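Notes to accompany the following structure.
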Amino acid sequence: MRGVVFLGDRKLALEEFPDPKPEQDEVVLEIKASGMCGTDLKMYRARGGPASLGLGDVSGPLIAGHEPCGVVAEVGSCVSEAQARTGMRVMVHHYKGCGVCKHCRTGWPQLCRAGIVVYGATANGAHAPYMKVPASTLVPLPDELSFEVGAAVSCGTGTAYSALKRIGLSGRETIAIFGQGPVGLAATQLAKAMGARVIALDVSDTRLALAKELGADVTVNSNKEDPVPAINDQTHGEGAEFTMDCSANPDARLAAVRSTGTWGTVALVGEGNELTVDVSKDLLRRQLTLMASWTFSTVIQAECAQFIVDRSIPAKKVFTHRYERLDQGEEAYKLFDKQDSGKGVFLL
Ligand SMILES: [Zn+2]
Ligand SMILES: [Zn+2]
């Protein structure tokens, strides 16, 4: 089979790999949908390719794609019926840890101290017709959800859901969401479904128009308007109860801190870069809480999927580009690199 490989420096290739065979505790999935996420863009751009993320050792070419969704095609000899059956519709929680520590046992293998595997970054991912994973990484895909929505839940949308859950967002509050890429757009849509009022910020009018479609009450183009006074204007001069950075841009992060109201919470979600703040003025004097949120657990992934079903959320609306062939990888990532569109997905 052939899979998409990030070579670094905005280059990618479709390379030949052997067809995967499951070990005892593994399954092979036939990939039906493989989403494109912000972290993929980082690996695509970086000089070192996937190794640049610092998630673990990377040796040799690896198949990209960490939003896998498909059906179980082959099951290893020690996998029980309850874990996986051929034909089962599944998502993948794209991490593997030791399996026995407190983090692994609570569904957070990405926090395992014994070393982790990140599929699509340190092991073969889903931009290929087949993918091999431990049966323990599988999360069932509800019948009501399409494979593409399952792919989104497997990273971008699940990440947005988990951060909103952790800050405890409710229908009483206003949240300002900086960056309307795949994670930010999903956060806008989910925050609305949780009842909150949403101020969506980005530097792309195309993305802001999408955010509006997904339910944003107010949109602000932070290239044209200073975001801090714009948010203050919308919140009676108080600032928003919650702000969330999905942009990873240091200026946007600082603006998020400064537009959070007294006693409010800032959620940091975007990967990479830095944040410099005046601790007394920006944080202490306003009793702010800073919360860092990295992806989600297996349990929260399943919960996110169920939330989308139960609220009939049109989660597929985050997608603006669908590719039916892996040899469109170059075209797909070139467009994503412009950061002026919604989410992309390979439908195989
Ligand atoms: Zn562990
Ligand atoms: Zn991701």
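The values are calculated or read from the model by the stated rules, or taken from the named source; none is laboratory data. Only a predicted model underlies this, so the values are computations on that prediction, with no experimental measurement involved. Cβ placement follows ideal geometry from the backbone for every residue including glycine, while neighbour counts extend to all protein chains displayed. SASA here: full protein model, heavy atoms, side chains in, ligands and nucleic acids out. Shrake-Rupley method; radii C 1.70, N 1.55, O 1.52, S 1.80 Å.
For Ser146, neighbours were defined as the other residues whose beta-carbon sits under 14 Å from its Cβ, and their charges (Lys and Arg +1, Asp and Glu -1) total +2. Computed from phi, the 3J(HN,Hα) profile of the stretch 63-71 under the Karplus parametrisation 6.51, -1.76, 1.60 (θ = phi - 60°) reads 6, 7, x, 10, 10, x, 8, x, 10 Hz, with x in place of Gly and Pro. Accessible surface for the stretch 1-135, divided over its residues, is 44 Å² per residue with a 1.4 Å probe. Let me know the whole percent of all Cα-Cα pairs from the chain that are separated by more than 40 Å. That tail contains 10 percent of the Cα-Cα pairs.
Placing unit charges on the Cβ atoms only, positive for Lys and Arg and negative for Asp and Glu, gives the chain a dipole magnitude near 460 debye about its Cα centre.
Charge tally for Arg207 (other residues, Cβ to Cβ under 11 Å; Lys, Arg +1; Asp, Glu -1): -1. Ranking Gly56, Pro227, Ala128 by Cα position along the charge dipole of the chain, where only Lys, Arg, Asp and Glu carry charges on their C-beta atoms, puts Pro227 farthest toward the positive end. Peptides 73-85, 102-114, 202-214 ranked from most to least packed, by the mean per-residue count of other Cβ atoms within 10 Å: 202-214, 102-114, 73-85. The share of accessible area on the chain that comes from carbon and sulfur is 48 percent, using a 1.4 angstrom probe. Based on protein heavy atoms only, the stretch 203-313 ends up with 49 Å² per residue of surface accessible to a 1.4 Å probe. Restricting the trypsin sites (Lys or Arg not before Pro) of the stretch 258-348 to loop positions (DSSP other than H, G, I, E, B) with no more than 14 neighbouring Cβ atoms within 10 Å leaves Arg311, Arg325, Lys338. Set against the 2.2 N^0.38 Å expectation for a compact globular protein, the stretch 44-201 has a Cα radius of gyration ratio of 1.14.
If you take every residue apart from Gly120 with its C-beta less than 11 Å away from the C-beta of Gly120, what net charge results, scoring Lys and Arg +1 and Asp and Glu -1? With Lys, Arg at +1 and Asp, Glu at -1, the net is -2.
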